1. Need pairs with beta-carbon distance below 8 Å; first residue over 12 Å from Asp139 (Cβ atoms) and within region 61-80, second open to solvent by 70 Å² or more (accessible area, probe 1.4 Å) and in a loop (DSSP other than H, G, I, E, B); sequence gap 6+ or separate chains.
2. Determine which single condition Pro147 fails, assuming it passes every other condition in (1) free of Cβ contacts under 8 Å to residues at least 40 places away in the same chain; (2) surrounded by fewer than 16 Cβ atoms within 10 Å (Cβ to Cβ); (3) not polar (S, T, N, Q).
3. Any residue in region 1-25 that's within 16 Å of Thr49 (Cβ to Cβ): show its pairings with residues that are of a type in the set (Lys, Arg) and surrounded by 20 or more Cβ atoms within 10 Å (Cβ to Cβ) at Cβ separation under 8 Å, as long as the two are six or more apart or on different chains.
4. Return only the number of the condition from (1) within 27 Å of Asp260 (Cα to Cα); (2) under 20 Å from the mean Cα position of the chain (by Cα) that Ala194 does not satisfy.
5. I need a count of the residues in region 124-144 that are open to solvent by less than 70 Å² (accessible area, probe 1.4 Å) and over 27 Å from the mean Cα position of the chain (by Cα).
6. Give Pro19, Pro26, Pro57, Pro13 a once-over and let me know the one that is under 17 Å from Val166 (Cα atoms), modelled with pLDDT of 90 or more and not small (Gly, Ala, Ser).
7. Of the conditions (1) within 22 Å of the chain's Cα centre (by Cα); (2) open to solvent by less than 60 Å² (accessible area, probe 1.4 Å), Thr231 fails just one. Which one is it?
8. (1) closer than 30 Å to Arg36 by Cα; (2) in contact with a Leu (Cβ under 9 Å, 6 or more places away or on another chain): which one isn't true of Ala176, the others all being true?
Amino acid sequence: MLYAYAAILEGVPFANGAPNLTVDIPVLRDLAIEKRVPISGKDFKTGQTLIKTVIGPMLRARMLGLSGWYSTNILGNRDGEVLDDPDNFKTKEESKLGVLEHILDPETFPELYGDVYHKVRINYYPPRGDNKEGWDNIDIKGWLGYPMQIKINFLCRDSILAAPIVLDLAIFLDLAQRAPMRLSIGQRKRVALATVLAMNPSILVFDEPSAGLDPRGRRELIELLQSLTQTLIVSTHDLELARAAFPRSIVVDRGAIVADGSTSEILANRELLLTHGLA
């Protein structure tokens, strides 16, 4: 919290990667607004908490009950040494315990998640070094309450899992600190898309997304569109974008649908493209 306070006073953007309040209190949020300093982050979730945020939604989606979740962590670096102290471990424990309750919503589904025994342990083991290891034993209930188990051993390294998040946050914090008129068109598009994706929508609608982009920005846009799992509705005259990113296309001319089918077949129909101003 002191580091965050000092950063904000100096006008330096601050991202919190730990499961504690840090900047998540009114006085520091108000100070950041007053100083116009971007702040972000609340636990990067690079280890066992990441596993919980993946398995938890799966249990909820399939309506699989949960009897208990036992987690133990083996840490060998400074993290393990610090968290070996019970007082320091308390914040981490609350974060790991709370994430499941938030996902599973026991108040809405008391029969499935109302009586879960959730235990978390962290053990300092110097030979593990900068790697960390998480063991999870998950007791679940299937149809008619039939007991089953999931066992996970996750051997990982914080730095490798956190690096992409840190790089993205550095870019976003840099963009957030700039005046909008100083951003390029491509940067404005990225910021706008990131804002929408943060809301976790199921459908995304784009209007001429490649307009104004240079060749590199256009390639990056195509790669991004190909990676998205949401339903995409895109209005575009960029035929190469359509070819690269969308398997199905609809041609609209003067408010009427004149073609609907495979993008490759439509783009191969030279007469259709000429007739409706696409070639």
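1. Ile74/Tyr125; Leu75/Tyr125; Gly76/Tyr125; Gly76/Asp130; Asn77/Asp130; Gly80/Tyr125
2. Here Pro147 clears every test but (1).
3. Between residues of region 1-25 that are within 16 Å of Thr49 (Cβ to Cβ) and residues that are of a type in the set (Lys, Arg) and surrounded by 20 or more Cβ atoms within 10 Å (Cβ to Cβ), the close pairs are Pro19/Lys92; Pro19/Lys96.
4. Tallying (1) within 27 Å of Asp260 (Cα to Cα); (2) under 20 Å from the mean Cα position of the chain (by Cα), Ala194 fails exactly one: (1).
5. Adding up the residues that qualify gives 4.
6. From the options Pro19, Pro26, Pro57, Pro13, the qualifying one is Pro13.
7. (2)
8. For Ala176, the failing item is (2).
The values are calculated or read from the model by the stated rules, or taken from the named source; none is laboratory data. All of these numbers come straight from a predicted model, not from anything done at the bench. Positions of Cβ are backbone-derived with ideal geometry, glycine not excepted, and every protein chain shown enters the neighbour counts. Just the protein is used for accessible areas: all its heavy atoms, side chains included, with ligands, DNA and RNA removed. Shrake-Rupley method; radii C 1.70, N 1.55, O 1.52, S 1.80 Å.
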